[in-house]
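Just below is one structure, and these are the notes that go with it.
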Amino acid sequence: MFSKATVKERRQYYREEWSEKDLPEFIREGIKKREFGFDHNGRGPNDRYKTFRGTESLRKFLRYKAPFAAYISVAFYNNPKRRQDWQKAEYIFDVDAKDIPIRSCNCDGVCEVCLGEALEIVNSLIDTLDSDLGLDNIHLIYSGRGYHIRILDEEMMLANSELRSEVLKYVAGAEVPKSQFINTDISNKAFNFEHFSIPIGYSKIFTDKMKYNVKHLTGSEDIDGINPKMMKDILKARHHLDNDEWGYFKRDIGPRRYKNLVEAMARVNLATIDAKVTIDLKRILRLPSSLHSKVSMKCMEVKNRETFDPFKEAVPKFVYERDD
């Protein structure tokens, strides 16, 4: 399934299967304000600064060119053809299954297991964005090898790179909290947006993510700050976390090594998300509805993140018609 799409298959997809109805509404609404980019030969998006008057002109282009990959800017411009007069930009979290530092499988690309774990991770991120920050204009996109969380709340669309970075570190659990293994909603941090200020409990977020990471360790990971002996002891002691017995877990690991573990998990949490994408105000992302030709999967909006199965919903028809 994950083999590269041929030129013939790309043409078939864009002529027989692609539909403007598969474009999310948030893409269709602002299409004139966005920059498009295309990769025609698998070497990267070198055909940039494209613009379209509407979905019909985009349909004709895709049908004629059948690109290897199609991209759209997260930014809105008054002059997108030159990327001038920037107005605002979506706030993005990019989780690629093949780049997750701790995953249960050992595949060298993507598979059902790591894609499932990537969906678990983005579901957790979305829950935090919603419950802690009150953001609700959130769209989840299956990218072909992972997921893009695309946030269009005005407060974040207008945010600068510094605020985007701070929110990222909070939501990802990328900083060690003051209390290293507390499991309550005690607040020790707050974000100040232009229109509202929300006190936020961070310790539980970090604790939950650390527990998730430790429970998913296979022992084969190469994690900075965790040597093989320490890894073995972590795996031996992690049963304590089934009942949230952090004190016993810390005792078995040892206070000094536990501190190293906590710091390592903060780095792992940050590495789970492509931070460069999050803070970039002019990034281009795969166009929802387009074909990810490297793996022959559709990039598409996830309507129900609790039941979404890319192996049922994101597989183009031509894949089932292959001889092999």
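The values are calculated or read from the model by the stated rules, or taken from the named source; none is laboratory data. As the structure is a computational prediction, the values presented were derived from the model and not from experiment. Backbone-built Cβ (ideal geometry, glycine too); neighbour counts: all protein chains shown.
Count of the range 30-71 residues, restricted to those that are part of a loop (DSSP other than H, G, I, E, B), small (Gly, Ala, Ser) and more than 21 Å from ARG82 (Cβ to Cβ), is 2.
Working only within the range 278-297, note down all residues that are under 12 Å from ARG145 (Cα atoms) and either assigned to a loop (DSSP other than H, G, I, E, B) or within 16 Å of the chain's Cα centre (by Cα) (or both). Quick ask: steps written out before the conclusion?
Kept after step one, since they are under 12 Å from ARG145 (Cα atoms), are these residues of the range 278-297: 286, 291-297.
Correct list: ARG286, HIS292, SER293, LYS294, VAL295, SER296.
Has the range 18-29 got any residue that is assigned to a helix (DSSP H, G or I) and either surrounded by 19 or more Cβ atoms within 10 Å (Cβ to Cβ) or among the aromatic types (Phe, Trp, Tyr) (or both)? Looking through the range 18-29, at least one residue is assigned to a helix (DSSP H, G or I) and either surrounded by 19 or more Cβ atoms within 10 Å (Cβ to Cβ) or among the aromatic types (Phe, Trp, Tyr) (or both). If the condition is being touching a helix residue (DSSP H, G or I) at 6+ places or on another chain (Cβ under 8 Å), of a type in the set (D, E, K, R) and in contact (Cβ under 8 Å) with a residue 40 or more places away in the chain, then the range 132-178 contributes ASP132, ARG145, ARG150, ARG164, LYS169, GLU175. Of all the criteria given as (1) over 27 Å from the mean Cα position of the chain (by Cα); (2) assigned to a loop (DSSP other than H, G, I, E, B), the one not satisfied by ASP85 is (2). The residues in the range 131-161 that are within 19 Å of THR207 (Cβ to Cβ) and surrounded by fewer than 18 Cβ atoms within 10 Å (Cβ to Cβ) can be counted, and the count is 1. Right, LYS303: assigned to a loop (DSSP other than H, G, I, E, B), among the basic types (Lys, Arg) and under 30 Å from VAL74 (Cβ atoms) or not? Yes; evaluated as a whole, the condition is true for this residue.
Considering the conditions (1) over 17 Å from the mean Cα position of the chain (by Cα); (2) closer than 24 Å to PHE318 by Cα; (3) aromatic (Phe, Trp, Tyr), TRP246 is excluded by exactly one of them, (2).
Could you figure out which of (1) part of a loop (DSSP other than H, G, I, E, B); (2) modelled with pLDDT of 95 or more isn't true of ARG11? Every condition holds for ARG11 apart from (1).
Note on the range 149-196: among residues that are in a strand (DSSP E or B) and either under 22 Å from the mean Cα position of the chain (by Cα) or within 25 Å of VAL277 (Cα to Cα) (or both), the one that is modelled with the lowest pLDDT is LYS189.
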